[in-house]
1. Within segment B:719-728, is there a residue that is more than 10 Å from chain A (Cβ to nearest Cβ) and in contact with a Pro (Cβ under 6 Å, 6 or more places away or on another chain)?
2. Among residues belonging to segment B:153-169 that are loosely packed, with under 15 Cβ neighbours inside 10 Å and assigned to a strand (DSSP E or B), point out the one that is farthest from the chain's Cα centre (by Cα).
3. In contact with an Asp or Glu (Cβ under 6 Å, 6 or more places away or on another chain), in contact (Cβ under 8 Å) with a residue 40 or more places away in the chain and crowded, with 20+ Cβ neighbours inside 10 Å: which single residue out of B:396, B:377 fits that description?
4. Kindly provide the set of residues from segment B:28-46 that are touching a Phe, Trp or Tyr at 6+ places or on another chain (Cβ under 9 Å), assigned to a loop (DSSP other than H, G, I, E, B) and at the interface with chain A (Cβ under 7 Å from one of its Cβ atoms), ordered by number.
5. The conditions are (1) under 17 Å from the mean Cα position of the chain (by Cα); (2) under 23 Å from residue A:94 (Cα atoms), and residue A:175 fails exactly one of them. Which is it?
6. Residue B:531 passes all but one of (1) within 27 Å of residue B:225 (Cβ to Cβ); (2) free of Cβ contacts under 8 Å to residues at least 24 places away in the same chain; (3) among the β-branched types (Val, Ile, Thr); which number fails?
7. Specify which of the listed residues (B:294, B:338, B:317, B:301) is open to solvent by less than 20 Å² (accessible area, probe 1.4 Å), in contact (Cβ under 8 Å) with a residue 12 or more places away in the chain and farther than 26 Å from residue B:592 by Cβ.
8. Here are the criteria: (1) more than 10 Å from chain B (Cβ to nearest Cβ); (2) without any contact (Cβ under 8 Å) to a residue 12 or more places away in the chain; (3) of a type in the set (Val, Ile, Thr). Tell me which single one residue A:200 does not satisfy.
Amino acid sequence: MSTETPESAASPPARSPSTPSRRTFIATTTAAGGVVAAGGLVAGPALLGAQEAAAADASPSSRVSLTVNGERHIVTVDNRTSLLDLLREHLDLTGSKKGCNAGACGACTVLVDGRRVNSCLILAVRLEGAEVTTVEGLARGERLHPLQQAFIDQDAFQCGYCTPGQIMSGVGCIEEGHTGSADEIRESMSGNLCRCGCYVKIVRAVEQASGRK
Amino acid sequence: MSPQPQAAVGAPLSRVDGRLKVTGRAKYAADHKPDGPDGVVHAVVVDSGIARGRITGIDTGAAEAEPGVLKVIHHRNAPTLPYGPNPGSLNLPGQRLRVFQDDQVHFHGQPVAVVVATTLEAAQHAASLVKLDYAVEPSETDLAEAPATGDPVTYTRGDAEAALQSADVRLEMTYRPARNHHNAMELHATVAQWDGDRLTLWDKTQWVQSPRAELAANFGIPAANIRVVSPFVGGAFGNAARAWPHLTVAALAARETGHPVKLVLTRRQLYSGVGYRPAYEYKVRLGSDRRGQLSAMTHELRGETSRYERFSERGVLAPGQMLYTTPHVSQTYRTVALDVNTPTPMRGPGYSTAAFPIESAMDELAHELGIDPIELRRRNEPENDQASGRPFSTRRLRECYTVGAREFGWSRRDPRPRSTRDGDRLIGTGMATAVYDTLRAPGQAGVRLDADGTAVIESSTSDMGPGTYTSMTQVAADALGLTVRNVTFRLGDTNMPTAPLHGGSLTMASVGSIVQDGCDKVRQQAIRLAVEDEDSPLSGADPDTVVVRGGRLHLKDDPARGETYRRLLARNDLTRLEAMGSWTPGQSRSSMYAYGAVFAEVAVDARLGLVRVRRMLGVFDAGRIISPKLADSQAIGAMVGGIGMALLEHTVTDHRDGRIVNANLADYLVPVNADVTGLKAIYVEGRDDEADPLGVKGLGEVVVVGVAPAIANAVFHATGRRVRDLPITAESLL
């Protein structure tokens, strides 16, 4: 990989992260013309600054430029870092939850370029140029996304831990058009576990937000 | 005092913390970052790969060489910790696990080392590089193979053996409910930060007092030095009540490295690092006459526990003693010590385990005698509690049966098994009774009414999902005469007045009564202030005639005469009124339980054995319902949990080395959205004024108790096959 030629800084990759290519592994872009979030550069705790620099020497890391909830971030990440851990541990976006770290529970569901993904299963270095939307990015100021409001109206959660993932998955479900029937919603939402057992009301919330009811 | 109008209590309020939860701003344990410049470092637990033996070697060289690793702590370099006594805790008879204090391995997955590193990735990778050598000893992890240990718990009433001998009908069955893991969606997590000899923990806990007391005992420091903060809990179902070993690991790692530490157990580690509902063998013998009148019932139980602690649960014996009229009862409850980690209470503890054999046995008897299952239960409905001889405070079980049968359409049921088909599917319906203790405990809550007419109430209780924030806000709003909007309830911090454990369905009864008491006191202070204030429109009024509504005090019979809290406090130069609420349950002369009747309809694929729950109905007598919208969610959610218990959930252990092979959410199956349709809950009207001032009995447990047997009975009705082992899998029906 070290012999590969970096992409031109002037042409930020726009490839979907779901079709990984060599180029998504290459540290490339600059913030030319973009809005770079303050503190977007790997913001470790102060004490870690020196150690992390040392760590970066030894453990392979990459620079990635990605947009999260409309804010551009350029980060240098350990290549082992999942999108979920990038969000939670580096970008202070703790809304996305870790429930299994193995793609089995859906608590970490976010949208990447409009598609729902388990953020625990995708490496941050694959996301060059990607647009990520997390639960923190749904509301417009104080105005909740219709599905967020529907979750409150229908009491579609109890403990609330799976809720960010359920809501992001529900947004995906609606945008994919999988809301033709309650059965279709149930099927489409079955990648998101809810141990409090709010499934009946999650379906109602998706129906409400999709305009089915 | 004049009773306050009830506007918030009983209203279908949406969760007051809903906005925080749907926007991702509700902070769970692992979401916390300590203040200060240091940030947080990451700890990852290394656990044992054998079930029993000694650690003979540990090689941490490769792990320590990993960039970013700060320290690897294990029994050879860990400091000796005091591990003092912790009376009043949820620790069990035996000796609790002492992390990194010796070379002994008691179960597969025991924490044997912890890696602390500046990044999570480094800690995770380094943990995989720690090499352990063991001297392996033979282990036993199979309940079916191991002998019981210790003296059994017994209960005897009458002469069950003699009564069985003379009974017209005798049945004998053995049921095996599987081990269940709570598997709350939130991983157990702790952030630990030392400041000298003071420790702050952000922890997943149902009882902030619990980790505080445990770490005070383990580290030998005063409890007052420890603060535990836990504003949100991502589900727990009993598993975040006791303080588990990883708490000590986190605090130790933080102390040894000098940095705040975040420790999050992995999903796999939850199967060994925290507790579970134990597996049981439960043998029932019952005798009755031809009309179904029970004369005798015997219960012989074997339940799993660890070798280092003895777990037993009273609730597994209670239903067999008091649910039905039974003159002769004999119970023998043995625990079987295995090379496993220690069990812990799980939703509906004991009761939900016992309900499966007892309610299945009643269904078997009904079938044997050709009596309708509901009618059989009615014929054995007791007039008082035969275990204690006490009258029931309230027992609306007959009403639950009546309402349930009507709403479910029970009268249309053809009682013959395998009598109804829908294409390839065999359709069956079944029902079961539910019962759970009305538990209550003392505690305190601070109430403050501010000059702006808003109130803040604090108590160190928890909200693992039922909606404590919301229901307490409702109680407080009515007791203070404020709108819900002007009331804030806070919880989950040891700096707040002490509340009891958030578990056993006791929070509404207990903390609710405590909150109401504190709010009543503040309201009465305000009323007294007004009637004694010459400048108040209420001057000279009888305090007992004054009520408060919408923040305004007025005469009950003359609403025009009054004034607001704000005016009253401003005129008297008061910035606030404060009181400490408290309540201690008295000795009751009655037997207090919540009840329910659960109905299920299943469709079983005749060729594949796949069971699908088509609809369920639960009718519950849980006393007064404070927050109906949330109560509905709890009952329906419990049905989902019960579907898991009945049809999906069990651990598979490799008994050669004690490893649980399905310790993840892909192989340990829990219900998903597509498994669930048509759930409905009804709460019958009524208060229980003997239980507590609010009249509630608690509902989080009773709603799960009857679910699994109702489904099992429906499967029998559908197929004619009686499956006595849970879960009922496709294999068991083929």
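1. Within segment B:719-728, one or more residues are more than 10 Å from chain A (Cβ to nearest Cβ) and in contact with a Pro (Cβ under 6 Å, 6 or more places away or on another chain).
2. B:156
3. Step by step, each of B:396, B:377 is checked, and only B:396 is in contact with an Asp or Glu (Cβ under 6 Å, 6 or more places away or on another chain), in contact (Cβ under 8 Å) with a residue 40 or more places away in the chain and crowded, with 20+ Cβ neighbours inside 10 Å.
4. B:28
5. The failed condition is (2).
6. Unmet for residue B:531, out of (1) within 27 Å of residue B:225 (Cβ to Cβ); (2) free of Cβ contacts under 8 Å to residues at least 24 places away in the same chain; (3) among the β-branched types (Val, Ile, Thr): (1).
7. Going through B:294, B:338, B:317, B:301 in turn, just one is open to solvent by less than 20 Å² (accessible area, probe 1.4 Å), in contact (Cβ under 8 Å) with a residue 12 or more places away in the chain and farther than 26 Å from residue B:592 by Cβ: B:338.
8. Exception for residue A:200: condition (1).
The values are calculated or read from the model by the stated rules, or taken from the named source; none is laboratory data. Quantities reported herein were computed from a predicted structural model and do not represent experimental measurements. All Cβ positions, even for glycine, are placed from backbone atoms using ideal geometry, and neighbour counts span all protein chains on display. Protein only, heavy atoms only, side chains kept; ligands, DNA and RNA dropped before computing areas. Shrake-Rupley method; radii C 1.70, N 1.55, O 1.52, S 1.80 Å.
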